Amino acid sequence: AVGMAADESINARIQAMGIGLIGLAEGTLTFQATLLPQAPSIVALWMVKWSKFLGLMNEVPAQLSKFASRRVYDSTVAKTEDSGTKLVNLEKIQEMLRSTAGTDVDPDAPLMEAGLDS
């Protein structure tokens with residue numbers, strides 16, 4: 001991996017959101033497709049795990065409505081009945097921190113100590 005993806009904590013954070021890294025094979029095939037005479041003038045490649053990516057959203061945006069059926073809700077995040085606000089417990093936060101930082105994070109320690117910042 002090169003650039004931003006070379007940083008393991010950023011890579012873990014991106015994958016936790018359901019976005020994958022573009023591998024050599026996918027990149028090569030996409031590039032080859034752009035060279036075809038009938039290729040569109042604009043081409044985008046985005047590796048997405050739709051169930052995870054859309055599951056993090058309160059609502060699926062209209063532009064992504066065709067993928068709404070792939071949405072899977074995270075069972076560790078509960079919605080309150082009255083306001084629709086998501087409630088997240090400490091275990092879920094610890095799980096997200098572990099997947100992002102790549103190690104256990106003390107809940108009482110500053111996040112900067114775990115290598116996390118804004």
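How long is the gain from Ala62 to Phe31 if the chain were fully straight, where each residue apart is worth 0.36 nm and the alpha carbon distance is subtracted?
Here the segment from Ala62 to Phe31 would lengthen by 8.3 nm.
If I model a spin label at Ala39 and Val88 as a point 7 Å from the Cα along the Cα→Cβ vector, what separation in nanometres do I get?
Here the answer is 3.9 nm between the modelled labels.
Tell me the label-point distance for the pair Ser9, Met112, using the 7 Å Cα-to-Cβ offset, in nm and rounded to one decimal.
With each label placed 7 Å out from Cα toward Cβ, I get 1.2 nm.
The numbers here are math on the coordinates, done by the rules we state, and not lab data. Predicted model, so just to flag it, every value in this text is computed and none were measured. Neighbour counts run over all protein chains shown; Cβ positions are idealised from the backbone, glycine included.
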